2 protein chains.
Amino acid sequence: MTAAEEFLGKDIAELDTPALLVDLDAFEANMRLLAGCCREHGIAWRPHSKAHKSPQVARLQLEAGACGITCAKLSEAELMAAHGIGDILIANQVVAPAKLARLAVLQQRARVLVTLDNPSVVPLMGRAAVAAGTAIPVLIEVDIGMNRCGVLPGGPVLELARAICATPGLDFRGLMGYEGHVLELQPPQAKVEACHRALSLLIEGRDLLQRHGIPVEIISAGGTGSFRITAAYPGITEIQAGGGIFMDAMYRHTCFVEDFHYALTILATITSRHAGHVIVDAGFKTMSAYHYPPQPLGREDLKLRYLSAEHGVFDILSGPGPRVGERLRFIVGYSDSTNCLHDRFLGIRRGKVELVWEILGRGLLT
Amino acid sequence: MTAAEEFLGKDIAELDTPALLVDLDAFEANMRLLAGCCREHGIAWRPHSKAHKSPQVARLQLEAGACGITCAKLSEAELMAAHGIGDILIANQVVAPAKLARLAVLQQRARVLVTLDNPSVVPLMGRAAVAAGTAIPVLIEVDIGMNRCGVLPGGPVLELARAICATPGLDFRGLMGYEGHVLELQPPQAKVEACHRALSLLIEGRDLLQRHGIPVEIISAGGTGSFRITAAYPGITEIQAGGGIFMDAMYRHTCFVEDFHYALTILATITSRHAGHVIVDAGFKTMSAYHYPPQPLGREDLKLRYLSAEHGVFDILSGPGPRVGERLRFIVGYSDSTNCLHDRFLGIRRGKVELVWEILGRGLLT
């Protein structure tokens, strides 16, 4: 019996806990919304796959209209390419010679774009491609205000683009930026303005390069926290918003994103009960509080006190609270920090497991 | 080629990053210290295996003198029993009927003690054992001041012990408590006194039960954060301290434990470099900051700014800072929240991989 067969067709009430559930109706509506938003604006959807790390989910995204996917790590890109995903962006720097050699070879299976933000890497990457007899397609990562990765706008972008264009084995394709610093801004108009300021740096970069005869095909940006603003910005050619397919409490409460349905929950069981609090069998190894805490679903009477490794401790705010053995669901705090703790998603429709998606990219950190 | 063969014999400089490394000399010294401390006090060492989730490491602990191991989840106990570990304590409540049935059957492979803290579970557990034709050995978890799990000391302990003793299929063996609320207390004498107060509740519970004719064989307590105090306390029969085998920054800086050597590090590579900060290829999916942040090893010039999912952002405090491609090591912040993110430990001696321990319990959350 495969892992999937063990779960398929089971009623939620029969599932062992804790378990990571996906409401398939909500998930599919979220996918349609993201794909539709991109279509409407005439741009491509290249969803980041870091929150699912599952080739099965990536395939569903392609079927829904994605042009390809985004990955955070080379090993994730290798997994996705091995499962037939043909167009991948590693939205991260790959710098070690051994990794560059793998990246060059990987081009034989899929188009795998990668970002660059340091001139010292250019010759290493070029040599790796030449050695493998391939070409590596490259985006320059531009720091558009987040102050994490990326070259500064203006001169450094031009200088790096020229170096890439002059290097055999490298194929300059465009620019990438991440407007992660604007996601939590309020009021909404302030967020829109800050996002526009950030994205304008990419467009100015494009114009600068084109004035110098360097064509810019791709301008990639955008996460779930700003997807509508970024998708609508003139000149952006693709957005990477991926987490919206699951939705989570962080997107709603810190990024003020209200477009999506909550699709992702943790099913858990009350294992212990005391004056004023209960314990569930899901601690921080099951539902991370990293970036945002999990929320009891439909239980106004419970509030997170803290998470131990394997105990979730919830205060009973009113009434008798749940009894030992009772099962609850929790809206995931941040899908990205929670899903990487699990082996699989259980896709639920009408109360039963309809699909099982193995998180095959789990543990692929290199 | 198995996963282990891919790594064995490699020099650290050849390893892909990020990687989870164990300094074997430090690890073995830590094991000897923990086992020796227990021997010295005439008590058993039942190390918690939640921080390694590896049957290979559990076997090494048994070879070093452990009487058995502790687990947090039934699925971990099943894994350990399947790998020949014969004496296991699940230091947690198991309450769902389907899980109780598995726990009862598991007794055919190993002695698997479990804790109980609610009378409503007693008949369910008893019926599961009778149905399987086994007996389930039980410890009562007592709340010794942490206010997480456990029945209150005194009357409730006696009442629950009587219910267990009166239930066919259950085999009452003793008491368990966790003095987790004293670990961070200072000055040292205040911690010792609070720890003694907590442990005295277990001993009083033992005396109460014995006065009522109920023999108490096991009194189990103690984590790494208080192992010396708890091991020395009269009446304690075993301690569960496990994390000390790896040691981490949390034990040192929040629990003030100085007995162990740092054995656990994350090997990472600088992937991006900017005015004032660098990025490493290890974010919160590789080295959790949950409970304590990772510490750059031997790099006074770097300080954690924040961890994204796959980017670790470190401020350069002085000097030029590391270059792109340079490799660094980080002392793990909290071993328990970091190890569960990885597939394996690479055991290092004299700069080379000597052992590979697969983290087979990773993802076993049920």
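The values are calculated or read from the model by the stated rules, or taken from the named source; none is laboratory data. Source: prediction; values computed, not measured. A quick note on method: Cβ atoms are made from the backbone with ideal geometry, for glycine too, and the neighbour counts reach across all protein chains shown.
Consider A:L304 carefully, then state whether it is more than 14 Å from chain B (Cβ to nearest Cβ) and either modelled with pLDDT of 95 or more or surrounded by 19 or more Cβ atoms within 10 Å (Cβ to Cβ) (or both). Criteria not met by A:L304.
Note on the range B:355-366: residues that are part of a strand (DSSP E or B) and either within 14 Å of B:C71 (Cβ to Cβ) or of a type outside the set (F, W, Y) (or both) total 3.
Consider the range B:1-17 and keep the residues that are within 14 Å of another protein chain (Cβ to nearest Cβ) and assigned to a loop (DSSP other than H, G, I, E, B). The one that is farthest from B:V353 (Cα to Cα) is B:T17.
Just one of the listed residues (A:S288, A:S272) is within 14 Å of chain B (Cβ to nearest Cβ), within 30 Å of B:G145 (Cβ to Cβ) and more than 20 Å from the chain's Cα centre (by Cα), namely A:S272. Across the range A:194-222, which residue is surrounded by the fewest Cβ atoms within 10 Å (Cβ to Cβ) among those that are farther than 14 Å from A:L158 by Cβ and touching a helix residue (DSSP H, G or I) at 6+ places or on another chain (Cβ under 7 Å)? If we take residues in the range A:194-222 being farther than 14 Å from A:L158 by Cβ and touching a helix residue (DSSP H, G or I) at 6+ places or on another chain (Cβ under 7 Å), then A:A194 is surrounded by the fewest Cβ atoms within 10 Å (Cβ to Cβ). Against the test of being among the charged types (D, E, K, R) and touching a Gly at 6+ places or on another chain (Cβ under 7 Å), the options B:K53, B:K10 yield a single qualifying residue, B:K53. How about the range B:263-276: which of its residues are touching a residue at least 24 places away in the same chain (Cβ under 8 Å) and either surrounded by 19 or more Cβ atoms within 10 Å (Cβ to Cβ) or among the acidic types (D, E) (or both)? Listed by number, the residues that qualify are B:A263, B:L264, B:T265, B:I266, B:L267, B:A268, B:T269, B:I270, B:T271, B:S272, B:R273. Check the range B:103-113 and report whether any residue there is within 14 Å of chain A (Cβ to nearest Cβ), closer than 13 Å to B:T167 by Cβ and either part of a loop (DSSP other than H, G, I, E, B) or of a type in the set (A, V, I, L, M) (or both). Within the range B:103-113, none of the residues are within 14 Å of chain A (Cβ to nearest Cβ), closer than 13 Å to B:T167 by Cβ and either part of a loop (DSSP other than H, G, I, E, B) or of a type in the set (A, V, I, L, M) (or both). Among the numbered conditions (1) surrounded by 18 or more Cβ atoms within 10 Å (Cβ to Cβ); (2) on the phi < 0 side of the Ramachandran plot, the only one that A:H291 does not meet is (2). Residues that are within 20 Å of B:K285 (Cα to Cα), among the aliphatic types (A, V, I, L, M) and within 13 Å of chain B (Cβ to nearest Cβ): does the range A:342-353 have at least one? There is no residue in the range A:342-353 that is within 20 Å of B:K285 (Cα to Cα), among the aliphatic types (A, V, I, L, M) and within 13 Å of chain B (Cβ to nearest Cβ). Exactly one residue among B:L34, B:L60, B:L20 is buried (at least 23 other Cβ atoms within 10 Å of the Cβ) and not in a strand (DSSP E or B), and that residue is B:L34.
Filtered by the rule that a residue be touching a strand residue (DSSP E or B) at 6+ places or on another chain (Cβ under 6 Å) and charged (D, E, K, R), the range B:93-131 gives B:R111, B:D117.
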